[in-house]
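Okay, structure first, notes after.
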Amino acid sequence: MSWEEKSKQIVNKLKNGEQLSEEEIELIISEEVDGLNNYIEEENGDTRWYRLMSTFCKTNDDRWFCLPWKAGLTEHQENEFWEQPYEVRREVKEIVTKVNVWTPIKKEGK
C-alpha cells in the first residue's frame, strides 16, 4: 500500500469514528498523514513522568478532531496513545484577563 493510500485510509477511519491503532494515532500526531493539518496544545496536569497533550487536526473538509495523548518527559518514558480521537467543534473566543503589575516607586532625591 502506498503512503498516499495509507494516509487516505487513516483519514477515512478518523472521519468514520473507527478505532485507530496506536501507530496510526502517532502518525497523525507527528504530522505524517497527508490531508490533515495539526494544532498541538498542552494541557495542565504534568506529572514527573508525563505531560498531558491534545493534538487537534483539521481535515480537508473542515472537520476538527482531538487526539489526547501523554508526552513522556524522561528518556525512560515513551509517549502514550491510549485514547481514541473524537470530533470537536472549534470556537474562537476573546478572553480578557487582569494581572497585577508591580512597578517600583521612585523616591525624590534618590
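For the pair LYS106/ARG89, report the inter-label distance in nm, with labels modelled 7 Å from Cα in the Cβ direction.
Between LYS106 and ARG89, the simple spin-label model gives 5.4 nm.
So for the chain, averaging the separation of alpha carbon pairs under 8 Å that are six or more residues apart and normalising by length, what relative contact order in percent results?
Values: 146 pairs, mean separation 19.1, N = 110.
Reported relative contact order: 17 percent.
Determine the calculated [θ] at 222 nm for the chain from helices alone, applying -39500 (n - 2.57) to every DSSP H run no shorter than 4 residues and normalising by the residue count; nearest 500 deg cm²/dmol. Mind showing how you got there, number by number?
Numbers: 2 runs with 21 residues, N = 110.
Dividing the helical sum by the residues of the chain leaves -5500 deg cm²/dmol.
What does the convex hull of the Cα atoms of segment 27-110 come to per residue, in Å³, rounded to a whole number? Present the calculation step by step, with values, prior to reporting the outcome.
Details: hull volume 17.3 nm³, N = 84.
Considering the Cα atoms of segment 27-110, their hull volume per residue is 205 Å³.
With the crude spin-label approximation of a point 7 Å out along Cα→Cβ, what separation in nm comes out for THR59 versus ASN79?
2.2 nm
What full-extension length gain, to one decimal in nm, is calculated for LYS6 and GLN19 as 0.36 nm per residue of separation minus the Cα-Cα distance? Write out the running numbers ahead of the final one.
Working: separation 13, 0.36 × 13 = 4.68 nm, distance 1.50 nm.
Extra length available between LYS6 and GLN19 comes to 3.2 nm.
Coordinate-derived values only; no laboratory data. Model, not experiment: these values are computed from the prediction. In this analysis, Cβ positions are derived from the backbone assuming ideal geometry, glycine residues included, and neighbour counts consider all displayed protein chains.
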